[in-house]
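Visitor: For reference, the structure I am asking about is given below.
Derivation of every value follows stated rules applied to the coordinates shown; laboratory data play no part. Owing to the predicted nature of the structure, the values given are computational and were not obtained by experimental measurement. FYI the Cβ positions are ideal-geometry reconstructions off the backbone, even for glycines, and counts take in every protein chain you see.
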Amino acid sequence: MLRSCTWVHFLMDSDERTVSRYLTRGTDHPNRYRILDVVPVVGAPPVAPSGGMCGLRYETTVPSSSLAPGGPDHPLPIMHFWGVAQHLHYTDRHARVDLETRSRHELPPSERTVAVLIPIRKSAAWWGLSQDKRQEFFLNKARREGHIAIGSRYVEGISRRLYHCRYLDPASPYDFLTYFEFDRLDEPRFRMLLSELRDVRNNPEWVYVEHEYEIWMTKVG
Ligand code: HEM
């Protein structure tokens, strides 16, 4: 039997009714979004880059990767992402306390609140590394900062959630869903964070990213 844990679902469609019907009892913290853009980074996104769609995010403790079947009257949303919140794998106690103390909480819905969902898949070469080798990529080493040191320079302004989806059934095309919120005044800093994390000279972990795109949204509810 699966242990109780937090599942997240992101649903996106051009018709608000298609996503709203999934708001039932047991769905925690639902949020609504207006989708602004879908930006390819590595590989192609599943839908053509476009705005004009709406989104819904909810968390639940009910294990549920798949959505209830659609049908002519209830089509499935154009995009569906699912994942689970897990324990930390690479963060030591010092970094954990530091990040927890300084990290920004989620922002209230507003025309000023930008939300970005970034689904990511890493290569077989990454998953073939030993645990200690993978952890090294997150740490500050000679001549490079690594993921945690880079990210920790941005935590005050940017809220982040990490969901895992590598070993779920049905299988997800991604290993991770990363989700961020910030005030629109902080958008330049968020873009700077992205370019720093993707600079493989300072963060060689990103060599192993084989699929990545950004879904830019406004958090409206
Ligand atoms: C806001 C600044 C950020 C901070 C402080 C931060 C911090 C962290 C930390 C501490 C972990 C390790 C979690 C663990 O121990 O299991 C992690 C994992 C991860 N982060 Fe970030 N991060 C930030 C921004 C980002 C961004 C912008 C992206 C995407 C473009 C991203 C993608 C990921 C992914 C995919 C993982 C999981 C990697 C794996 O387990 O192989 N992070 N992050």
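Visitor: Fewest to most neighbouring Cβ within 10 Å: what's the order for Tyr58, Tyr90, Tyr163?
Guide: Taking fewest neighbouring Cβ atoms as first place, the list is Tyr90, Tyr58, Tyr163.
Visitor: Working from the pairwise distances between different alpha carbons, so that the mean of 1/r is found and then inverted, what is the chain's Kirkwood radius in Å?
Guide: Mean inverse Cα-Cα distance, inverted, gives 18.4 Å.
Visitor: How do Cys165, Cys5 line up, fewest other C-beta atoms within 10 Å first?
Guide: Fewest-to-most Cβ neighbours within 10 Å comes out as Cys5, Cys165.
Visitor: Something else now. With each pseudo-label sitting 7 Å past Cα toward Cβ, what's the Arg189-Glu111 distance in nm, one decimal?
Guide: Distance between label points: 2.3 nm.
Visitor: Taking the alpha-carbon centroid of each part, what is the distance from region 5-31 to region 92-155 in angstrom?
Guide: Their Cα centres are 26 Å away from one another.
Visitor: Taking only Cα atoms, what is the 0 to 90° angle, nearest 10, from helix 187-197's long axis to the longest principal axis of the chain?
Guide: Approximately 60 degrees, to the nearest ten.
Visitor: While we're looking at this one, here's another question. With r defined as the distance between the Cβ atoms of Ser123 and Leu67 and R0 fixed at 30 Å, what FRET efficiency is calculated, to the nearest 0.05?
Guide: 0.55
Visitor: In nm, to one decimal, how far is the modelled label at Glu100 from the one at Arg143, with both set 7 Å along Cα→Cβ?
Guide: Going from the Glu100 label point to the Arg143 one covers 3.6 nm.
Visitor: Pairing the Cα long axis of helix 93-102 with the longest principal axis of the chain, what angle in degrees results, from 0 to 90 and rounded to the nearest 10?
Guide: Orientation of helix 93-102: about 60 degrees from the principal axis.
Visitor: Of the listed peptides 96-105, 194-203, 78-87, what is their order by residue-averaged count of other C-beta atoms within 10 Å, with the highest listed first?
Guide: 78-87, 194-203, 96-105
Visitor: Continuing with this model, one more query. What ranking do Tyr167, Tyr174, Tyr208 get, fewest neighbouring Cβ atoms within 10 angstrom at the top?
Guide: In order of increasing Cβ crowding within 10 Å: Tyr167, Tyr208, Tyr174.
Visitor: State, as an integer percentage, the relative contact order of the chain based on alpha-carbon contacts under 8 Å between residues 6 or more apart.
Guide: Details: 436 pairs, mean separation 68.0, N = 221.
That works out to 31 percent.
Visitor: Between Arg166 and Leu23, how high is the FRET efficiency from 1/(1 + (r/R0)^6) when r is the Cβ-Cβ distance and R₀ = 22 Å? Nearest 0.05. Don't skip to the answer; put the middle values down first.
Guide: Values: r = 27 Å, r/R0 = 1.24.
According to the calculation, E is roughly 0.20.
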